[in-house]
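Colleague: This is the structure I want to talk about, given as structure tokens.
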Amino acid sequence: MKKILWFLFVLTIVSLGFGFFYKNFVDYKIGEKIIGFSVFGGVFIYLPLFLYHRWKGKNLKDYTLSEENLKKMRDKI
């Protein structure tokens, strides 16, 4: 999973760079489309995979601010 995420990240960055290059030096409209698809892929493909990978095996209850966690914090002071 780590290699897939790394590959998608590099692919997104390279396609963004290519889009900006293409927009400035070749064709404005096609460059804008390349940039848009790069952002779309980064947000809707890369980001959910990255978040799933980072949160896998963790308990969300440990990171929320509940009464139980507030009481633990107050007891430590």
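Colleague: Among the residues of segment 54-61, is there at least one that is surrounded by 11 or more Cβ atoms within 10 Å (Cβ to Cβ) and either part of a helix (DSSP H, G or I) or touching a Lys or Arg at 6+ places or on another chain (Cβ under 7 Å) (or both)? Walk me through it before giving the result.
Modeller: Restricting attention to segment 54-61, the residues satisfying the condition of being surrounded by 11 or more Cβ atoms within 10 Å (Cβ to Cβ) are 55.
After this cut, where a residue has to be either part of a helix (DSSP H, G or I) or touching a Lys or Arg at 6+ places or on another chain (Cβ under 7 Å) (or both) as well, the list is 55.
Within segment 54-61, one or more residues are surrounded by 11 or more Cβ atoms within 10 Å (Cβ to Cβ) and either part of a helix (DSSP H, G or I) or touching a Lys or Arg at 6+ places or on another chain (Cβ under 7 Å) (or both).
Colleague: Select from segment 12-38 the residues that are surrounded by 14 or more Cβ atoms within 10 Å (Cβ to Cβ) and of a type in the set (A, V, I, L, M) and write down the one among them that is nearest to Met1 (Cα to Cα).
Modeller: Among residues in segment 12-38 that are surrounded by 14 or more Cβ atoms within 10 Å (Cβ to Cβ) and of a type in the set (A, V, I, L, M), the one nearest to Met1 (Cα to Cα) is Leu16.
Colleague: Please specify each residue of segment 1-44 satisfying the condition of being aliphatic (A, V, I, L, M), within 20 Å of Trp55 (Cβ to Cβ), in contact with a helix residue (DSSP H, G or I) (Cβ under 9 Å, 6 or more places away or on another chain) and not in a loop (DSSP other than H, G, I, E, B).
Modeller: Let us first name the residues in segment 1-44 that are aliphatic (A, V, I, L, M), namely 1, 4-5, 8, 10-11, 13-14, 16, 26, 30, 34-35, 39, 43.
Still in the list and also within 20 Å of Trp55 (Cβ to Cβ): 1, 4-5, 8, 43.
With in contact with a helix residue (DSSP H, G or I) (Cβ under 9 Å, 6 or more places away or on another chain) added as a condition, the list becomes 1, 4-5, 8.
Ile4, Leu5, Leu8 - these are the residues of segment 1-44 that are aliphatic (A, V, I, L, M), within 20 Å of Trp55 (Cβ to Cβ), in contact with a helix residue (DSSP H, G or I) (Cβ under 9 Å, 6 or more places away or on another chain) and not in a loop (DSSP other than H, G, I, E, B).
Since every read-out is calculated from the coordinates, none of them should be taken as a lab result. Everything quoted here is computed from the prediction, not taken from an experiment. A quick note on method: Cβ atoms are made from the backbone with ideal geometry, for glycine too, and the neighbour counts reach across all protein chains shown.
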